[in-house]
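The values are calculated or read from the model by the stated rules, or taken from the named source; none is laboratory data. Just so we're clear, the structure is a prediction, and the values are computed from it rather than from any experiment. Using ideal geometry, Cβ is built from the backbone for each residue, glycine included, and neighbour counts are taken over all protein chains shown. Accessible surface is based on the protein model in full, side chains and every heavy atom, while ligands, DNA and RNA are left aside. Shrake-Rupley method; radii C 1.70, N 1.55, O 1.52, S 1.80 Å.
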Amino acid sequence: MPKLSVLLLILVLLGSASQISLAATAPYQLHWQHEFSSTEQVKLSQWLAFSSQATLKVLGPYPFAMQLYVYRRAGNEPVPWANTWREHSQQVHFYVAPQFSKHEFVADWTGYHEMAHLALPYLGQKNAWFAEGFASYMQYQIMQQAGLIDSAARVINAKFAPQRKHYLQQLSMADSAAQLLSQRRFAAGYWGGAQFFVVAERLLQQQGKAPLNLQIQRYQQCCRLQDTDLAQLIQSLDNLSDSTLFRQLLQEFNQLPAEAFLQLYQL
Ligand SMILES: [Zn+2]
């Protein structure tokens, strides 16, 4: 074989090797924080693998490995408590009741919700309504894509319906949702915040843009590791969608009386 061909062959092999190693980068690392039997570990590993795959299919891949911490906790649901933590890495802490079946873990929304949080940077306590609204909206998009529910839109409507009464007021949507969260009325705050994304999705569609999850997928590649606050995130989403809809929508969410906002968008 001529020297040049050998060199080319080596270069091609090196190229494909580096692609393989990129593709093989694990989307998450598991950290067992308590003792779990090997059967429990298999079941919980399978649940987290499924959750990660379903979430990243809709929102990812993420430009980092998620750090998943698993703790044992007594409870009457598969995941009695979970939260995200972002200090040194992108972490989710799952407190699980391992007596539940794999099927029950997979059918629970918590894994998708927590992993969806990591698609956005930490936005501060003041913007918790935005972060929670996003994760709540996306958990059902992910579950719909995974074939676990028929219609995310229908479930999100049903979740908001009993909370709607909290938004028939002069405070803005954002202020109402923030206030409800500070009163620990979580469902009311989450599903009010989720209306931002219900409307964003509708406006993207009306303007002939790609759906929200595709905007978020592209966001991972350009901006996820750069942005550090809500203003930057909104600017990035407007740039990606070549629109001003996120900025305008945020303004309405911040300034219009909630009651008027619901009426404007027939929510
Ligand atoms: Zn959350």
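Per-residue answers, yes or no, for (1) open to solvent by 90 Å² or more (accessible area, probe 1.4 Å); (2) modelled with pLDDT under 95:
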position	(1), (2)
3	yes, yes
16	no, yes
21	no, yes
24	no, yes
28	no, no
37	no, no
41	no, no
53	yes, no
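Rundown of residues vs (1) in contact with a strand residue (DSSP E or B) (Cβ under 8 Å, 6 or more places away or on another chain); (2) among the hydroxyl-bearing types (Ser, Thr, Tyr); (3) without any contact (Cβ under 8 Å) to a residue 60 or more places away in the chain, yes/no style:
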residue	(1), (2), (3)
184	no, no, yes
194	no, no, no
206	no, no, yes
257	yes, no, no
264	no, no, yes
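Is one or more of the residues making up the range 73-96 touching a residue at least 60 places away in the same chain (Cβ under 8 Å), outside the structural domain of residue 225 (by TED's automatic domain parsing), of a type in the set (A, V, I, L, M, F, W, C) and more than 16 Å from the ligand (Cβ to nearest atom)? No; the residues of the range 73-96 include none that is touching a residue at least 60 places away in the same chain (Cβ under 8 Å), outside the structural domain of residue 225 (by TED's automatic domain parsing), of a type in the set (A, V, I, L, M, F, W, C) and more than 16 Å from the ligand (Cβ to nearest atom).
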